[in-house]
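Asker: Below you will find the structure I want to go over with you.
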Amino acid sequence: MRKFLVLPVLLGGLVLSTAGCEVSKTVEVSKTVSAAKVEEQLDAKFGPPFDDAGIGPATSECPESLKGEVGATLECTVRDATGREYRMIVTVTSVEGDQVNFTMKEA
């Protein structure tokens, strides 16, 4: 059974929902989401569970900015405190004005 959780976050119109390992985000940007902004969202998603499991903090690394085009993808890496790496695929699901909506899913 999948559990769904929606948490409001005060960060430029950010919407967070989790379903297993997949996360949907909405970030206000001008047609690209900087690598730093994507990394910030990954850290926010994985930080609390990693902390709860005693393997926090989460640190993320993305090689470049995410293009604000539907279907654009970016592969990032999330690391826990033990050094274990998790590959994440970030995919743009829609673009509405200056908002780029995307999901993050473990590869």
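Asker: What is the extension gain from Lys105 to Glu40, computed as 0.36 nm multiplied by their sequence separation minus the C-alpha to C-alpha distance, in nm to one decimal?
Answerer: Working: separation 65, 0.36 × 65 = 23.40 nm, distance 1.52 nm.
Stretched fully, the Lys105-Glu40 segment lengthens by 21.9 nm.
Asker: If you don't mind, another one. Tell me, what HN-Hα J-couplings in whole Hz come from the Karplus equation 6.51 cos²θ - 1.76 cosθ + 1.60 at θ = phi - 60° for each residue of the stretch 45-51, using x for Gly and Pro?
Answerer: These are the phi-based 3J(HN,Hα) values: 6, 9, x, x, x, 5, 4 Hz.
Asker: Once phi is turned into ³J(HN,Hα) by the Karplus curve 6.51 cos²θ - 1.76 cosθ + 1.60 with θ = phi - 60°, what whole-Hz value does each residue of the stretch 33-41 show in order, with x for glycine and proline?
Answerer: 10, 4, 4, 4, 5, 5, 4, 4, 5
No value in this document is a laboratory result; all are computed from the given coordinates. Keep in mind that what you see is a predicted model, and the values were worked out from it rather than measured.
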